[in-house]
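What follows is a set of notes on a single structure, which appears directly below.
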Amino acid sequence: MVLAAPLSAADYPAQWQRVAQTSDGLEYRIRPIRLEDAEHDKAFIMHLSEESRYKRLMGSIREPSPQLIERFVHIDYQHNMAFVAVIDDSGAEQIIGVARYACGPDEADAEFAVAVADVWQSRGVGMALMRFLFEYARAQGLRRLYGLILASNFRMLDFTRKLELKLSSLPGDSTILEAARDL
Ligand SMILES: CC(C)(COP(=O)(O)OP(=O)(O)OC[C@H]1O[C@@H](n2cnc3c(N)ncnc32)[C@H](O)[C@@H]1OP(=O)(O)O)[C@@H](O)C(=O)NCCC(=O)NCCS
């Protein structure tokens, strides 16, 4: 498979946006992340409960470093992609969920990660974000998406089964499972 050279931020894939509704009928929007989201993305991560932040980042990080945020928002929309779910909060956007992938060295496999703000969980946002991310990855020519999940993260394990991902254990580490699907 041949992938094009990395895109610049000027190549924002604006056509990949959609309006969605939570399972209880509230409207939100899914769109590709952009550089200007840095502060909002940081606020999103910092407002996650300690438990959700731990599950997402697989570690106890109180405040994401500027380098991590830079990495999260400075993406090429092809080898690295992130969709945010946003609501309008008194005229300003607020991020309520993020799903992303980053390609590995062979550029056909990518690792995904997802998190939804605690008060927005169990309302369909995570599923909508992941389905959109899978669709996008397929359109980019990726072959496989996989995620690393704490074996104790039962909610995420349920979630991956619903997404028809295959779970497997990693050699030598019983605390982490891999959830993967061919595209
Ligand atoms: C895992 C996570 C992303 C799911 O997002 P979400 O928006 O809550 O999920 P959805 O509402 O789309 O739920 C989809 C499915 O997930 C599972 N799920 C969601 N909430 C659940 C809960 N409270 N208990 C058990 N399963 C649950 C169910 O299978 C659900 O299907 P259903 O709607 O038919 O019941 C979210 O809980 C989260 O951000 N967790 C913390 C961060 C994390 O663990 N990230 C994963 C690391 S990659």
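If the condition is being assigned to a helix (DSSP H, G or I), at pLDDT 95 or above and either crowded, with 19+ Cβ neighbours inside 10 Å or in contact with a strand residue (DSSP E or B) (Cβ under 6 Å, 6 or more places away or on another chain) (or both), then segment 137-158 contributes only Ala137.
If you go through segment 96-116 one residue at a time, do you hit one that is modelled with pLDDT of 95 or more, exposed (fewer than 15 other Cβ atoms within 10 Å of the Cβ) and within 9 Å of the ligand (Cβ to nearest atom)? No, segment 96-116 has no match at all. Residues in segment 117-149 that are without any contact (Cβ under 8 Å) to a residue 60 or more places away in the chain, touching a helix residue (DSSP H, G or I) at 6+ places or on another chain (Cβ under 7 Å) and more than 7 Å from the ligand (Cβ to nearest atom): Leu145 only. Do the conditions hold for Ser23, that is, is it at pLDDT 95 or above, in a loop (DSSP other than H, G, I, E, B) and of a type in the set (S, T, N, Q)? Yes.
In segment 42-60, of all residues being away from the ligand (no atom under 11 Å from the Cβ) and under 17 Å from Val114 (Cβ atoms), the one that is surrounded by the most Cβ atoms within 10 Å (Cβ to Cβ) corresponds to His47. Using the structure shown, decide if Asp158 is out of contact with any Lys or Arg (no Cβ under 8 Å at 6 or more places or on another chain), without any contact (Cβ under 8 Å) to a residue 40 or more places away in the chain, farther than 23 Å from Lys42 by Cβ and not aromatic (Phe, Trp, Tyr). For Asp158, the condition - out of contact with any Lys or Arg (no Cβ under 8 Å at 6 or more places or on another chain), without any contact (Cβ under 8 Å) to a residue 40 or more places away in the chain, farther than 23 Å from Lys42 by Cβ and not aromatic (Phe, Trp, Tyr) - is met.
Against the test of being away from the ligand (no atom under 11 Å from the Cβ), hydroxyl-bearing (Ser, Thr, Tyr) and without any contact (Cβ under 8 Å) to a residue 60 or more places away in the chain, the options Ser152, Ser174 yield a single qualifying residue, Ser174.
Apart from one condition, Gln78 fits all of (1) outside any helix (DSSP H, G or I); (2) farther than 15 Å from Ile33 by Cβ; (3) away from the ligand (no atom under 12 Å from the Cβ); (4) in contact with a Leu (Cβ under 9 Å, 6 or more places away or on another chain); the exception is (2). Every listed requirement among (1) under 15 Å from Gly97 (Cα atoms); (2) surrounded by fewer than 12 Cβ atoms within 10 Å (Cβ to Cβ) is met by Gly126 save one, (2). Residues of segment 89-132 that are aliphatic (A, V, I, L, M) and either on the phi > 0 side of the Ramachandran plot or part of a helix (DSSP H, G or I) (or both): Val119, Val125, Met127, Ala128, Leu129, Met130.
Ala151 meets all of the listed conditions (1) in contact with a Ser or Thr (Cβ under 7 Å, 6 or more places away or on another chain); (2) farther than 22 Å from Leu57 by Cβ; (3) of a type in the set (Gly, Ala, Ser) but one, namely (2).
The values are calculated or read from the model by the stated rules, or taken from the named source; none is laboratory data. Every value quoted in this text rests on a predicted model; they were computed, and no experiment measured them. Please note: Cβ atoms are built from the backbone with ideal geometry, for glycine as well, and neighbour counts cover all protein chains shown.
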